[in-house]
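Worksheet: the structure to be examined is printed underneath.
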Amino acid sequence: QVQLVESGGGLVQAGGSLRLSCAASGRAASSSAMGWFRQSPGKGREFVAGITWSGSNTDYVDSVKGRFTISRDNAKNTVSLQMNSLKPEDTAVYSCAARPYTVSLYPYEYTYWGQGTQVTVSS
């Protein structure tokens, strides 16, 4: 099993930055691929970024490429999402999720989920 706890959300003005963290615990934490998803009211859960268990491969949704960076520290069992040049359309609840080894774009392929953290970007 893997337990996930997010932190770092908040309110920021457009153009600003936030750094989200996801602390993972459990036997499978270091061998899990991690994904960040977001969901805003009335919309489905959207893949934002993912990183393989080794950290060697990352993937991003087109709308955040060049602005967001996902990274992981397996020694500390943490995954971070650095979000720069934030836009009002980035406003959502952001959740981290874990699945074995490889990244998937599909939320139903992730086994473990954190509780989510709210990110609000004002214009």
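The values are calculated or read from the model by the stated rules, or taken from the named source; none is laboratory data. What you are looking at is a predicted structure, and each value in this text was computed from that prediction instead of being measured. Cβ sites come from the backbone with ideal geometry, for glycine too, and all protein chains shown count toward neighbours. SASA here: full protein model, heavy atoms, side chains in, ligands and nucleic acids out. Shrake-Rupley method; radii C 1.70, N 1.55, O 1.52, S 1.80 Å.
Across the chain, the longest run free of exposed loop sites, meaning trypsin sites (Lys or Arg not before Pro) lying outside DSSP classes H, G, I, E and B with no more than 13 other Cβ atoms within 10 Å, spans 77-123. Solvent-accessible area of the chain (1.4 angstrom probe, protein heavy atoms only): carbon and sulfur portion equals 49 percent. This model, with +1 at the C-beta of Lys and Arg and -1 at the C-beta of Asp and Glu, gives the chain a dipole about its Cα centre of some 140 debye.
Under 28 Å of direct C-alpha separation, and excluding same-chain neighbours fewer than eight residues apart, Lys43 reaches these lysines: Lys65, Lys87. Solvent-accessible area per residue in the chain equals 51 Å², computed with a 1.4 angstrom probe and all protein chains kept. Per residue, the average separation of C-alpha pairs within less than 8 Å and at least 6 apart gives segment 1-41 a relative contact order of 44 percent. The packing ranking of peptides 87-95, 115-123, highest mean first, is 87-95, 115-123, where packing means the average number of other beta carbon atoms within 10 angstrom of each residue.
Counting only heavy atoms of the protein chains and using a 1.4 Å probe, Trp53 has close to 110 Å² of accessible surface.
DSSP beta bridges fully contained in the chain are about 90 percent antiparallel. Considering every alpha-carbon pair of the chain, the percent of pairs per 10 Å bin, from zero through the bin containing the longest distance, is 15, 51, 29, 5, 0. Relative contact order, whole percent, for the chain stands at 36, derived from Cα pairs under 8 Å and 6 or more residues apart.
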